[in-house]
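I have placed the structure first, in the form of structure tokens, so that the comments after it can refer back to it.
Just so it is clear, none of the values below were taken in a lab; they were calculated from the coordinates. For clarity, every value in this text was computed on a predicted model and none was experimentally measured. Note: ideal-geometry Cβ built from the backbone for every residue, glycine included; neighbour counts use all protein chains shown.
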Amino acid sequence: MPLEKLVLEPARAWALWRISEDESTLTNLLDGIEDISDTISNRHKRLEWLAGRVLVSKLFSSMSLTFQGITKDIHGKPFPVGYDYHLSLTHSFPFVAVLVDKHGPAGIDLEQPKDKLLRIAPRVLHAEELEDAGQDITKHCVYWCAKESMIKFHGQKNLVLAENLRVHPFDLGEEGDIRGRIIVSNTERMVPLHYIVTTHFVLVFNQPAIL
């Protein structure tokens, strides 16, 4: 699995990989720690599931931790077995990314810019965001990934993308910081985000949490 990016910070790290292995190779790399669910029939989804766990294992090794598997809470949010760390995974074949944070919530998302983002934009973006994004598919992709990363950061899925999750308008570049807000029950939580635009995909993840 070729390593595209590995960033280690104090008590926090993220990594990106491009899947090139077959299912058997990825399964062997997990060494029996976790077995893929038989309910995943799609080939690409199975590879993403396996590759995500292999990447967490590799990332943990870089942090001098031992991967023991992944568990989920009642909302489906993943956590590493045996450690009080926050964990977020994302994939868009053939890419997989992982964010680990010891001290605060983690949210990471990647997506490949596609025309469908323009079609669903009225259901996803607030009026101010729609105006800012215009017809720029890449910018729409940044907005989408930002909101998906905030959902993972929040840890619950009962959010309306256009209303509960807001992203401040921004100037698009190859990389930059943007400001997100999670608005629930008349309360707001600011979420600083960072985005990266490549020729193949857009990646967005939260910066260290403002607690």
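Compared with the alpha-carbon gap, the fully stretched path from residue 93 to residue 172 is longer by 26.0 nm at 0.36 nm per residue.
The gain in end-to-end length when the residue 103 to residue 28 segment is fully stretched comes to 23.8 nm, 0.36 nm per residue minus the alpha carbon separation. When 6, 65 are arranged by Cβ crowding within 10 Å, least crowded first, meaning fewest neighbours, the order is 6, 65. Under a 5 Å amide H cut-off, with hydrogens placed 1.01 Å from N, residue 40 pairs with nothing among residues at least 5 apart or on other chains.
In a reduced charge model with +1 at each Lys and Arg Cβ and -1 at each Asp and Glu Cβ, the chain shows a dipole moment near 340 debye about its Cα centre. Sorting 21-29, 67-75 by average packing, meaning the other beta carbons within 10 Å per residue, from highest down gives 21-29, 67-75.
Projecting the Cα positions of 97, 49, 66 onto the charge dipole of the range 3-104 (unit charges on Cβ atoms of Lys, Arg, Asp and Glu, taken about the Cα centre) puts 97 furthest along the positive direction. Between the range 109-130 and the range 4-31, the C-alpha centres lie 28 angstrom from each other.
Backbone amide hydrogens, once placed in the peptide plane, bring residue 69 within less than 5 Å of 81, excluding anything fewer than 5 places away on its chain. For the chain, adding -39500 (n - 2.57) for each run of n ≥ 4 DSSP H residues and dividing by the number of residues yields -9500 deg cm²/dmol at 222 nm.
With Cα Rg over 2.2 N^0.38 Å in mind, check (1) 0.92; (2) 1.19; (3) 1.01 and report the label derived from this structure. Recomputing Cα Rg over 2.2 N^0.38 Å here gives the entry labelled (3). Cross-linked pairs 5/157; 72/116; 5/139; 58/116; 45/77; 45/116: Cα-Cα separations exceed 27 Å for 5/157; 72/116; 58/116.
Positive contributions from Lys and Arg (+1) and negative ones from Asp and Glu (-1), summed over other residues with Cβ under 15 Å from the Cβ of residue 151, come out at +4.
Sequence-ordered 3J(HN,Hα) estimates for the range 61-74 from the Karplus curve with 6.51, -1.76 and 1.60 and θ = phi - 60° stand at 4, 5, 9, 6, 10, 10, 6, 10, x, 10, 10, 10, 7, 5 Hz, glycine and proline given as x.
Using Cβ point charges alone (K and R +1, D and E -1), the dipole size of the range 49-166 about the Cα centre works out to roughly 440 debye. Taking each residue as 0.36 nm, the span from residue 127 to residue 159 lengthens on full extension beyond its C-alpha to C-alpha distance by 9.8 nm.
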